[in-house]
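Working notes, structure below.
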Ligand code: BGC
């Protein structure tokens, strides 16, 4: 409580220091429009308002944020950037290189972010040594979600290997249950693909293939096996999968129409928003194999005119990293706090597993950035990979052709 009172006073100091008497304003671009996401972003809107801020919402629907990023580019090109933008991974540094981001180091220093954020997360938030983004959370991408009753009714345990997954899926299919709830959108294909790369290739292979873009790894037999498994998974989705939103796929698991979904833990936000209980109604397990794929949501502030907007940016940055927001937001969102000093007692078993695995994989060197969620590569590179993954998933392309196309696409990206 004492800590919180101190934090509130220092918010006012920061705001007053940067822009005397200005009333904080912020137009905030984000893509949090599903049930669980909307509930989560409302936490920030409420905190901003209760600290005197006026929030102008700019939601751009579309899981994974592709549509939001297109909208952002249009706004910046028109010389009318939003005040704060949900942005992450190397895209932060790419926008910094374009000279359009505001420096939020004064807030970060006043709030001691360097002392409460793991170095790996802090690095993503920095641009040439200055702080240019504020981290909201850590989402884990490599998760399988399951309907507990459907598994029990079919005598199936959560799979620990891809072979077990395939055997379970065959059994479910024979029983008339859709094994895998999936939405045929390229970012969802990429999400599944990267968990298969991690599971079949292992953490070192993931690093070589999807972080270092090593041509040998991209054309290896291991990558052929990855595409073979993607073809197998394609056989487990229902025929109406094309274009389906991720949260509708989550709903299929919730209502027992499908057994599994492979998706980051924003899916848990949907289960929770619908009143479902982890371990009872739905189950969570990391996808088969070692390692942990992290995806850190963050907000970058754009260079805008006006003391009210600058005050809004300082206030938002301060609130985002403050302990109360990190706790309440992440309880709703399905993720875990980016700060290391927020107690997880009120968090569920899936969140606690995520935190434990994040610690152990960090020690083991297998904590890896998600390529599918923009944490590992520049946009043109990840886009080139995703195009091939989607083209393979939606055609009868052979695995051998897919690896060749993958290597070519990466070589031609920059
Ligand atoms: C974001 C999540 C979001 C998900 C679905 C991910 O890239 O990191 O915050 O919930 O996309 O839109």
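Within the stretch 170-179, the set of residues being touching a helix residue (DSSP H, G or I) at 6+ places or on another chain (Cβ under 8 Å) and assigned to a helix (DSSP H, G or I) comprises 172 only. Here residue 38 passes the criteria (1) over 18 Å from residue 298 (Cβ atoms); (2) within 16 Å of the ligand (Cβ to nearest atom); (3) in contact with a strand residue (DSSP E or B) (Cβ under 9 Å, 6 or more places away or on another chain); (4) touching a residue at least 24 places away in the same chain (Cβ under 8 Å) except the one numbered (4).
Within the stretch 381-393, can one find any residue that is touching a residue at least 24 places away in the same chain (Cβ under 8 Å), more than 23 Å from residue 293 (Cα to Cα), assigned to a helix (DSSP H, G or I) and in contact with a helix residue (DSSP H, G or I) (Cβ under 6 Å, 6 or more places away or on another chain)? Looking through the stretch 381-393, none of the residues is touching a residue at least 24 places away in the same chain (Cβ under 8 Å), more than 23 Å from residue 293 (Cα to Cα), assigned to a helix (DSSP H, G or I) and in contact with a helix residue (DSSP H, G or I) (Cβ under 6 Å, 6 or more places away or on another chain). When 18, 10 are screened for being modelled with pLDDT under 95 and farther than 23 Å from residue 328 by Cα, only 18 passes. Within the stretch 21-45, track down each residue that is in a loop (DSSP other than H, G, I, E, B) and more than 17 Å from residue 265 (Cβ to Cβ). Residues satisfying the conditions are 21, 22, 23, 24, 33. Of the conditions (1) surrounded by 17 or more Cβ atoms within 10 Å (Cβ to Cβ); (2) modelled with pLDDT under 95, residue 82 clears all except one; give me its number. Status for residue 82: all satisfied but (2).
Counting only residues that are away from the ligand (no atom under 13 Å from the Cβ) and part of a loop (DSSP other than H, G, I, E, B), the stretch 219-251 holds 11 of them.
Collect the residues in the stretch 173-199 that are surrounded by fewer than 22 Cβ atoms within 10 Å (Cβ to Cβ) and within 16 Å of residue 259 (Cβ to Cβ), keeping them in residue-number order. Residues satisfying the conditions are 173, 174, 175, 176, 177.
Taken over the stretch 363-379, the criterion of being within 14 Å of the ligand (Cβ to nearest atom) and out of contact with any helix residue (DSSP H, G or I) (no Cβ under 9 Å at 6 or more places or on another chain) is satisfied by no residue. Suppose the filter is within 22 Å of the chain's Cα centre (by Cα) and under 20 Å from residue 303 (Cβ atoms); does residue 78 pass it? Taking the combined requirement at face value, the residue does not satisfy it.
The values are calculated or read from the model by the stated rules, or taken from the named source; none is laboratory data. All values reported here derive from a predicted model rather than from experimental measurement. Glycine gets a Cβ as well: all are built from the backbone with ideal geometry, and neighbour counts include every protein chain shown.
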